[in-house]
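Taking it in order: structure first as structure tokens, then the write-up.
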Amino acid sequence: MTAVTVSPKYQIVIPKEIRESMGIISGQKLQIMSYQGRIELIPLKPMKDLRGFLNSIDTTVLRDEDRV
């Protein structure tokens, strides 16, 4: 675990080894949230990376008429 310091402008630097292991690049968006007394940063995936992730969804499931 690595400690970081909050700057006077409330900024932090994500350590290089964490950036590299998570594939975080400059300009990338991160979602930030407070959860059970801690701060979590979650990398957001670009929409192009999500393309096709529903290819294997079962489309034979019956749906209510108002949901079609």
Quickly run through the stretch 29-68 and pick out the residues that are at pLDDT 80 or above and of a type in the set (Phe, Trp, Tyr).
35
So in the stretch 19-58, with the set limited to residues that are touching a Leu at 6+ places or on another chain (Cβ under 9 Å) and β-branched (Val, Ile, Thr), which one is surrounded by the most Cβ atoms within 10 Å (Cβ to Cβ)?
24
I'm trying to understand the selection: among the residues of the stretch 32-51, which are out of contact with any Asp or Glu (no Cβ under 9 Å at 6 or more places or on another chain) and assigned to a strand (DSSP E or B)?
35, 38, 39, 40, 41, 42, 43
Taking the stretch 31-68 and keeping only residues that are without any contact (Cβ under 8 Å) to a residue 24 or more places away in the chain and in contact with a strand residue (DSSP E or B) (Cβ under 9 Å, 6 or more places away or on another chain), one is left with 31, 32, 33, 34, 39, 40, 42, 43, 44
Tabulated pairs, the stretch 6-30, first closer than 15 Å to residue 41 by Cβ, second exposed (fewer than 10 other Cβ atoms within 10 Å of the Cβ), C-beta under 6 angstrom, 6+ apart or interchain
12/6; 15/2
Restrict the check to the stretch 15-31 and report whether at least one residue is of a type in the set (Val, Ile, Thr) and assigned to a loop (DSSP other than H, G, I, E, B).
yes
Per the filter on the stretch 1-18, residues on the phi > 0 side of the Ramachandran plot and surrounded by 10 or more Cβ atoms within 10 Å (Cβ to Cβ) are none
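The values are calculated or read from the model by the stated rules, or taken from the named source; none is laboratory data. It should be emphasised that the depicted structure is a prediction, and the values quoted were computed from it without experimental measurement. Note that each Cβ is placed from the backbone with ideal geometry, even for glycine, and that neighbours are counted across all protein chains shown.
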